[in-house]
1. Residue-wise, which Karplus ³J(HN,Hα) couplings in Hz belong to region 275-282, taking 6.51 cos²θ - 1.76 cosθ + 1.60, θ = phi - 60°, and x for glycine or proline?
2. Using a cut-off of 15 Å between beta-carbons, work out the net charge of the residues near ALA150 (Lys and Arg +1, Asp and Glu -1, ALA150 not included).
3. For each pair in LYS128/LYS221; LYS219/LYS283; LYS131/LYS221, compute the distance between the two Cα atoms and list the pairs where it is over 20 Å.
4. Modelled label-to-label distance, ALA8 and THR49, 7 Å Cα→beta-carbon offset: nm?
5. Report the label-to-label distance for ASP21 and ASP66 in nanometres (one decimal), using points 7 Å from each Cα along the Cα→Cβ vector.
6. Might you report the magnitude of the Cβ-based charge dipole of region 9-280 about its Cα centre, with Lys and Arg at +1 and Asp and Glu at -1, to the nearest 20 debye?
7. Which of PHE71, PHE63, PHE89 has the fewest other C-beta atoms within 10 Å, and how do the rest follow up to the most?
8. Starting with the highest mean, order 15-25, 263-273 by the number of other Cβ atoms within 10 Å, averaged over the residues of each peptide.
Amino acid sequence: MLYTISLAINKVSFPGLGINDITINSVAFSIGSLTVYWYGVMLALAVSTCACLGMWQAKKHQFTADHVIDFVLVCFPSALIGARLYYVFSEWDNYKGDPMSILRVKDGGLAVIGGVLAAILAGWILAKVKKLPPNIVFDFCVVYIPVGQAIGRWGNFFNQEAFGTNTDLPWGMISESTSRYLREYWPSLNPDLPVHPTFLYESIASVCLFFVLLLIRNKSKYSFTTTSAYFILYGIIRYFLEGLRTDSLYIGDTGLRTSQVVSVLMIACGLTLIAISRYLGWKRGLLPVPVSASKEAITSGNDENPGASGSDDQTPSDTEEDYKGQ
């Protein structure tokens, strides 16, 4: 269902919480003819936050800031393209008569799951090009995807989109856009009642997922464990939240919600990846220490303790043998 957000300014209320008539504007600011939307600001904040977190934690995992920046510069544009193509293909009937409308992203139409899948594909290709073990790259980088999702979902709040069906829960939300949308597309629902703020649900769930993935990454002993956990847990989160949403994309006339089907496939992929990793004994490893860093560490070690060959903390899982061939 193609729906263009046409109300730039909205009055948003959460009646159950006693919060009424919050004025929000989907436009952040304008400079001459250039209009910058809060959705774009949230995406930029999401990417910069993920990059900063990745660079902050890179050294511990023998990554470098350059590694992180390279993957951000490749994966983020790929995610935008993938998110748009996923949406366009799902709603092709609305675009085939006017192909140029595909480029009008400001009218709405990005699908998070399409963006995630495209970013993963781009990351895998870049890892191969840079001759980095994909399993190590993915298990490091996938932790930050939920952070980007959590921040990016607030762009939906400013656009007043990605909400659910009617609810009488205290945090139910109502605005001019939700009422207008339900009145036009969902006559079976009451446009004068609050709806589930599913964007908020996913934002909170994504923050929780981030901390869970951090824990798994620190404790896991097998390759792809963290990556698989993301597939499984986000697949579960998205499957249930998608069932609440009123703007789902569907597979033709089947009545099947596209994102729910993809979520099931993500869960199956995650479980399969875990099984294969355990069966083949793919042990987790770290990226090789750069030659210059190794020499520096050895020199430093010799200065403090002549005859020392390096740091005492080096464990077998940090060596090249652990990731060769994976």
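1. Using θ = phi - 60°, the values come out as 4, 5, 4, 5, 5, 8, x, 6 Hz.
2. Working: positive: ARG153, ARG238; negative: GLU202.
Result for the neighbourhood of ALA150: +1.
3. In this structure, LYS128/LYS221; LYS131/LYS221 exceed 20 Å between Cα atoms.
4. 2.6
5. About 5.8 nm, to one decimal.
6. Numbers: 20 positive and 17 negative charges, 237 e Å.
The dipole magnitude comes to about 1140 debye.
7. Values: PHE71 25, PHE63 21, PHE89 13.
The order, fewest Cβ neighbours first, is PHE89, PHE63, PHE71.
8. Values: 15-25: 11.7, 263-273: 17.5.
By packing density, highest mean first, the sequence is 263-273, 15-25.
No lab work stands behind these numbers, since they all come straight from the coordinates. Computed from a prediction, not measured in an experiment: that's the story for all the values here. When we count neighbours, we look across all protein chains shown, and the Cβ atoms used for this are built from the backbone with ideal geometry, even at glycine.
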